[in-house]
Amino acid sequence: MTDSGPNIEEIRALRDRLTEQALRTPVVRCPAIESELGGATEVFAKLEFLQRTGTFKARGALATLYGLTNKELEKGVTAVSAGNHAIATAFAAQALGTTAKVVMIRTANPSRVAACESYGAEVVMADDVHQAFEVAQKIRDEEGRFFVHPFEGRSVALGTGTVGLEICEQIEKIDALVIPIGGGGLVGGISNAVKRLCPDVEIIGVEPEGADSMHRSFASGEPESIAKVTTIADSLGAPFAMPYSFELTRRNVDRLAMIDDQQMRNTMGFLFQSMNIAVEPACAATTAALLGPLRDSLRGKRVVLLMCGSNIDWDTFSRQVIFSDVD
């Protein structure tokens, strides 16, 4: 990849344009997490689950659609998603006056399907994520719709880069920033922006055990895939890494951490009981990593957690969450 990633001027320009459709989400201090950790660790969270559509995904979808020609917008867009990216693409399409035909996994939560439809999208179901990409390819070829990728490409990195820009503007003297990893679009874009503005910040990516394509990619030095996604964090369930987002991640992320489903379940319960927030597993991933594998190495530091999404209904939440002490 010869592109070193969007520069700060580009990211600022997009952030200014996004004010029409997206929010500048808050960064808050998290005393409950600090108390659970003990010691002198300072913990802050970027509450991106308060973003329009319930996740950071709206930023990348809007950035992509902003770059389309009028002719491309007339034909509409398509996307692949377990839910959040599909919702964001539907939202962006409606905001820019075009149509969306999105492909979702058959096991997608009904509330996410309903959210897509509420923004006017047509929803097509696929059996798994691999088949979903094939269906979207067919829609693109037959209908001429533009494919809005869930995590790969410069426009995605530009959109997610605005999250990193906001973090650097909202809080000073960060020691570490912890970011969840799905396909790599979020971590790649944020890390690119943060390393340009605050190069001394340690950036740590977090993956679930059942979707560890980035760990595999770091180990081999090239984008890798996994045969099957096996994690409750479906928003982090990308089946493969891709060149652009992988290279941005490899250049700018200092290390990776791994968590399991049990840790995310425990942490969802902890966040609900201690902070009164009900979030999806992917959103709990960074807190789970800080309370787990990152606890000792980040002790006494000033840490920012990226909390990415809250698109979960109560029935699913209550089945997944464990209301007990965090391990």
Residues of region 78-112 with the amide nitrogen closer than 17 Å to a label point 7 Å from the Cα of GLN131, along Cα-to-Cβ, please. 80-83, 102-109
Ordering of 143-149, 8-14 by packing [mean C-beta count within 10 Å, highest first]: 143-149, 8-14
Per principal axis, largest first, the Cα atoms of region 197-239 extend in Å by 36, 24, 14
I'd like to compare 132-141, 56-65: which one has the highest average count of other Cβ atoms within 10 Å, and what's the full order after that? 56-65, 132-141
Could you grab the relative contact order for the chain? Cα pairs under 8 Å, six or more apart, rounded to a whole percent. 20
If one computes P(r) from the Cα atoms of the chain, what percent of pairs lie at distances over 38 Å? 7
Cα to Cα, under 20 Å, and not fewer than 8 places away if on the same chain: which lysines meet these conditions relative to LYS301? LYS46, LYS173, LYS195
Between THR19 and ARG299, what FRET efficiency comes out of the Förster formula 1/(1 + (r/R0)^6) with R0 = 51 Å and r the beta carbon distance, rounded to 0.05? 0.85
What does the highest-first list of 47-53, 278-284 look like by mean Cβ count within 10 Å? 278-284, 47-53
Virtual spin-label span in nm between GLN94 and ALA40, 7 Å along Cα→Cβ: 4.9
With label points set 7 Å from each Cα along the Cα-to-Cβ direction at ARG255 and GLN170, the distance between them in nm comes to 2.6
Whole Å is fine, so just give me how far the alpha carbon centre of region 1-31 lies from that of region 123-189. 14
Residues of region 294-317 with amide N under 13 Å of a point placed 7 Å along Cα→Cβ from SER274: 295
Reduced Cα scattering model of region 57-147, Debye log10 I(q)/I(0), q = 0.20, 0.25 Å⁻¹: -0.83, -1.27
Run the dipole for region 92-137 about the Cα centre, Lys and Arg Cβ at +1, Asp and Glu Cβ at -1, nothing else charged, and hand back the magnitude in debye, nearest 20. 120
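FYI, it's all coordinate maths here, none of it is from the lab. All values reported here derive from a predicted model rather than from experimental measurement. Virtual Cβ from ideal backbone geometry, glycine too; neighbours counted across all protein chains shown.
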